[in-house]
Amino acid sequence: MSTADWKVERLAGAIGAEILGVDLSRPLDAAERAALRALWLEHGVLFFRDQPLSSAQFLAFAEGWGTPVEYPFVKGLADYPVIIEIKKLEHEKVNFGGVWHSDTAYLERPPMATLLLAREVPPYGGDTLFANQYLAYETLSEGMKKLLDGLDAVNTSAKADVTRTREDRLAEVGRSDAASQYEATHPVVRTHPETGRKALYVNYAHTARFAGMTEEESAPLLQWLFAHQKKEEFTCRFRWRVGSLALWDNRCTHHFPVNDYHGFRRVLHRITLAGDKPQR
């Protein structure tokens with residue numbers, strides 16, 4: 001296999017590309033890794049089909065991108081603590097992380113990337129939406145950019161809507177060493193350390209207020225930004241099949257798992273990769 005055999009199919013005009021002709025069960029050489037990283041930085045999220053990887057193979061692929069880290073609230077698999085199950089069971093009504101967000105923005109060093117591998121999928125539904133936060137920033141007016149460029153925002157793990165999406169998994173496999181709450185302050189607009197592009201870096205799940213302001217004062221502008229960030233023209237939609245793998249850049253994307261498959265089981269395995277502290 002060589003990169004010449006790959007086929008790149010864009011999912012939408014704004015974000016996302018499916019990479020065909022890649023076998024992720026075997027080690028990639030340096031040229032292949034570099035080619036995939038360039039595509040990832042260009043498209044924000046890459047999708048791969050028919051990758052029935054073992055946990056060891058999934059972890060090995062992730063380690064080719066960065067350093068896997070444990071999720072702060074939920075235990076990982078017994079033999080692979082950096083792999084957590086993202087699942088919704090037949091009787092459950094609330095799905096894990098079921099709001100628009102960027103993963104764990106409440107950490108001082110939020111993850112660079114997330115990998116998700118489908119193990120069990122419902123017969124229909126359970127798609128994931130992704131949104132390009134470069135475009136969310138670049139389409140703002142010059143006046144709004146000037147305002148936001150100088151602001152910081154407080155991100156917390158304790159916002160009510162997102163804590164509700166963790167309840168089932170915390171009851172089942174919650175970590176005893178987890179803090180009751182995590183909080184971090186980050187720039188509202190961050191500069192991507194690899195591309196140099198600016199991205200809007202607030203999100204509905206975790207951003208509570210602007211630094212130096214109350215939640216009440218912050219709410220009108222934050223609500224406007226949350227609605228702006230998920231405009232259809234910034235998004236793509238991915239339909240999962242068993243063996244589908246997604247790899248997204250948490251520094252410049254948001255995602256939203258659609259909760260439209262009540263009565264069915266859905267299980268995916270997730271790995272997050274260590275990131276840096278967001279900078280202007």
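The values are calculated or read from the model by the stated rules, or taken from the named source; none is laboratory data. Everything numeric here is computed off the predicted structure, so don't read it as measured data. Cβ coordinates were reconstructed from backbone atoms using ideal geometry, including for glycine residues, and neighbour counts include every protein chain displayed. The area values use the complete protein model at the heavy-atom level, side chains included, leaving out ligands, DNA and RNA. Shrake-Rupley method; radii C 1.70, N 1.55, O 1.52, S 1.80 Å.
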Regarding region 159-174, can at least one residue be identified that is assigned to a loop (DSSP other than H, G, I, E, B), under 18 Å from the mean Cα position of the chain (by Cα) and touching a residue at least 40 places away in the same chain (Cβ under 8 Å)? yes
Odd one out for Leu148, checked against (1) touching a Leu at 6+ places or on another chain (Cβ under 9 Å); (2) assigned to a helix (DSSP H, G or I); (3) surrounded by fewer than 21 Cβ atoms within 10 Å (Cβ to Cβ): (3)
Residues in region 203-216 that are open to solvent by less than 10 Å² (accessible area, probe 1.4 Å) and touching a residue at least 60 places away in the same chain (Cβ under 8 Å): how many? 4
Residues that are under 23 Å from Pro72 (Cβ atoms) and either in a helix (DSSP H, G or I) or among the acidic types (Asp, Glu) (or both): does region 188-204 have at least one? no
For region 16-41, pairs from a residue that is in a helix (DSSP H, G or I) to a residue that is open to solvent by 30 Å² or more (accessible area, probe 1.4 Å) and of a type outside the set (Lys, Arg), with Cβ under 7 Å and 6 or more apart or across chains, are Ala31/Thr3; Glu32/Thr3; Arg33/Gly64; Ala35/Thr3; Leu39/Val8; Leu41/Glu194; Leu41/Thr195
Can you find a residue that is over 20 Å from His269 (Cα atoms) and either open to solvent by 60 Å² or more (accessible area, probe 1.4 Å) or free of Cβ contacts under 8 Å to residues at least 40 places away in the same chain (or both) anywhere in region 105-113? yes
Do any residues in region 217-228 that are closer than 18 Å to Asp161 by Cα have Cβ atoms under 9 Å from those of residues that are surrounded by fewer than 17 Cβ atoms within 10 Å (Cβ to Cβ) and not aliphatic (A, V, I, L, M), where the two are at least six apart or on different chains, and which pairs are they? Leu222/Glu215
Residues of region 70-80 being in a loop (DSSP other than H, G, I, E, B) and either touching a Lys or Arg at 6+ places or on another chain (Cβ under 7 Å) or surrounded by fewer than 18 Cβ atoms within 10 Å (Cβ to Cβ) (or both), in sequence order, are Glu70, Pro72, Phe73, Lys75, Leu77, Ala78, Asp79, Tyr80
Looking at Gln51, Gln57, which one is polar (S, T, N, Q) and not in a helix (DSSP H, G or I)? Gln51
Name, by its number, the condition in (1) within 21 Å of Ala131 (Cβ to Cβ); (2) touching a Gly at 6+ places or on another chain (Cβ under 8 Å); (3) surrounded by fewer than 19 Cβ atoms within 10 Å (Cβ to Cβ) that does not hold for Asp249. (3)
Hey, could you check region 49-69 for residues that are more than 17 Å from Ala118 (Cα to Cα) and in contact with a strand residue (DSSP E or B) (Cβ under 7 Å, 6 or more places away or on another chain) and say which is surrounded by the most Cβ atoms within 10 Å (Cβ to Cβ)? Pro68
By residue number, the members of region 236-280 that are over 16 Å from the mean Cα position of the chain (by Cα) and aromatic (Phe, Trp, Tyr) are Tyr261, Phe264
Restricting to region 182-196, count the residues that are open to solvent by 20 Å² or more (accessible area, probe 1.4 Å) and either closer than 18 Å to Ser141 by Cβ or without any contact (Cβ under 8 Å) to a residue 60 or more places away in the chain (or both). 2
Leu46: passes all of (1) part of a helix (DSSP H, G or I); (2) closer than 25 Å to Leu135 by Cβ; (3) touching a strand residue (DSSP E or B) at 6+ places or on another chain (Cβ under 9 Å) but (1)
Would you call Glu233 more than 18 Å from the chain's Cα centre (by Cα), of a type outside the set (Gly, Ala, Ser) and either closer than 30 Å to Lys93 by Cα or exposed (fewer than 12 other Cβ atoms within 10 Å of the Cβ) (or both)? yes
